[in-house]
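**Q** Take a look at the following structure, please.
The values are calculated or read from the model by the stated rules, or taken from the named source; none is laboratory data. Just so it is clear, the structure is predicted and the values come from calculations on it, not from any experiment. Note that we place each Cβ from the backbone using ideal geometry, even for glycine, and neighbour counts take in every protein chain shown.
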Amino acid sequence: MPSLNIAFCINRLALVGLGSTVSSLIRNCSDPSKITFWFMCAGLTETDKNNIKLLLNAENFKGSYHLVDFDPVSQFKMLTPLHGDWTPYGRLLLADLLPVDVVMYLDADLLIEVDVLELLDADLGNYGLAAVPGAKLKHALDNPFLNGKLNISLEADYFNSGVLLMNLVHWRSENTKQKLLNIAERYPNDLISHDQTLLNAVFAQNYYHLPAAYNCAWYAYRNRPKIADRMILHFLGSPKPWDIGGRFLHKAYLAWKSYLNKDWAKYYFKTSLNDVKRAWNIRRSYGKVVRKMMGK
């Protein structure tokens, strides 16, 4: 029976968002027994791993899953971290770490309303990657690097790296990870969007386009996107629905909480010192959201 492999790269800070991502995916899947989850764990405790198992049991998940430890710091410490976190670069290691040919990579700040098994029929052919095309490169924050230094066309379709279908056979045969690392080592100070900058550097002009509904940005101050009836909703930017004040500042809060498992919430949806530190680090984003909501 064909199985859809789905990977997450997570540390402890990602767990609060992961719960609703996994629950929504399972609840909206036509046959979850055809799913194989790969949880790439960076610094998770045994309690965290057991909670993932309990969450899958609570959702009556009948597919298979694997918990794989990896150390993103040892692999990527030379690269610019995202808010001090190297975990997002983990998706660049999937061809080395997973014994599969194709994998769907997902961020842990999503709500999955679509039936992901629709992708079982996707034929990537000679493409190494599938993603949802977004704005043209000329509108992306890292266009000065991608265009100015790598000479990628400003009309190329830039993509967000939070939802990917990856052809790992292609990655291995083309030595894609090394190509990405070569760019990173040559331009360590130009990775404005971190792994996303690197992936666009290699694939922006040559990737399979997924339907727009598979990665729909939902910013805190905006209403629900209307791209399709069912979507993969992506909580881009900060604050997230689960951040301090998110219930008042993020218009997706109720949608996100509707998929939040109660036991998962007891462990991870509670204010900690790390949450306070994060709130301080994203304080400018809070100000931006408040101004947007006030129409300024």
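**Q** For the range 197-252, which positions are polar (S, T, N, Q) and touching a residue at least 60 places away in the same chain (Cβ under 8 Å)?
**A** ASN200, ASN206, ASN215 - these are the residues of the range 197-252 that are polar (S, T, N, Q) and touching a residue at least 60 places away in the same chain (Cβ under 8 Å).
**Q** Restricting to the range 148-173, and then to whatever is of a type in the set (A, V, I, L, M) and touching an Asp or Glu at 6+ places or on another chain (Cβ under 8 Å), can you tell me which residue is nearest to HIS194 (Cα to Cα)?
**A** VAL163
**Q** Given the options TRP264, TRP218, TRP280, TRP242, name the one that is in contact with a Phe, Trp or Tyr (Cβ under 7 Å, 6 or more places away or on another chain) and either within 14 Å of ALA14 (Cα to Cα) or modelled with pLDDT under 95 (or both).
**A** Going through TRP264, TRP218, TRP280, TRP242 in turn, just one is in contact with a Phe, Trp or Tyr (Cβ under 7 Å, 6 or more places away or on another chain) and either within 14 Å of ALA14 (Cα to Cα) or modelled with pLDDT under 95 (or both): TRP242.
**Q** Output the qualifying pairs, or none if there are none: Cβ atoms under 9 angstrom, residues six or more apart or on different chains, first residue in the range 263-282 and in contact (Cβ under 8 Å) with a residue 40 or more places away in the chain, second residue hydroxyl-bearing (Ser, Thr, Tyr) and assigned to a helix (DSSP H, G or I).
**A** As it stands, the answer is TRP264/SER20; TRP264/SER23; TYR267/THR47; ALA279/TYR286, since those pairs meet every condition given.
**Q** Out of the residues in the range 192-205 that are more than 17 Å from the chain's Cα centre (by Cα) and at pLDDT below 95, state the one that is farthest from ASP142 (Cα to Cα).
**A** Checked the range 192-205; the qualifying residue farthest from ASP142 (Cα to Cα) is GLN205.
**Q** For TYR259, all conditions in the list (1) outside any helix (DSSP H, G or I); (2) more than 20 Å from the chain's Cα centre (by Cα); (3) hydroxyl-bearing (Ser, Thr, Tyr) hold save one; what is the number of the exception?
**A** (2)
**Q** On to the next question. Can you name the number of the only condition in (1) in a loop (DSSP other than H, G, I, E, B); (2) under 22 Å from ALA108 (Cα atoms); (3) not charged (D, E, K, R) that GLN196 fails?
**A** The failed condition is (1).
**Q** Within the range 131-147, how many residues turn out to be within 16 Å of ASP195 (Cβ to Cβ), within 22 Å of the chain's Cα centre (by Cα) and not in a loop (DSSP other than H, G, I, E, B)?
**A** 3
**Q** Could you tell me how many of the residues in the range 200-216 are in contact with a Gly (Cβ under 8 Å, 6 or more places away or on another chain) and assigned to a strand (DSSP E or B)?
**A** Of the residues in that region, 1 qualify.
**Q** I need a count of the residues in the range 56-75 that are within 20 Å of GLY90 (Cβ to Cβ) and either touching a residue at least 60 places away in the same chain (Cβ under 8 Å) or of a type in the set (A, V, I, L, M, F, W, C) (or both).
**A** Total satisfying the criteria: 5.
**Q** Here's something else I'd like to know. Can you tell me which of (1) among the acidic types (Asp, Glu); (2) surrounded by fewer than 17 Cβ atoms within 10 Å (Cβ to Cβ); (3) under 29 Å from LEU119 (Cα atoms) is the one ASP157 doesn't meet?
**A** It fails just one condition, (2).
**Q** Looking at TYR187, is it more than 21 Å from the chain's Cα centre (by Cα) and in contact (Cβ under 8 Å) with a residue 12 or more places away in the chain?
**A** Answer is yes for this residue.
**Q** Mind checking which pairs have a first residue in the range 77-104 that is touching a residue at least 60 places away in the same chain (Cβ under 8 Å) and a second that is surrounded by fewer than 16 Cβ atoms within 10 Å (Cβ to Cβ) and among the acidic types (Asp, Glu), Cβ under 6 Å, 6 or more apart or different chains?
**A** Sorted first by the residue in the range 77-104, then by its partner, the list stays empty.
**Q** Which members of the range 224-237 meet the condition of being under 30 Å from LEU273 (Cα atoms) and modelled with pLDDT of 95 or more?
**A** Once the filter is applied, which keeps residues that are under 30 Å from LEU273 (Cα atoms) and modelled with pLDDT of 95 or more, the range 224-237 yields LEU233, HIS234, PHE235, LEU236.
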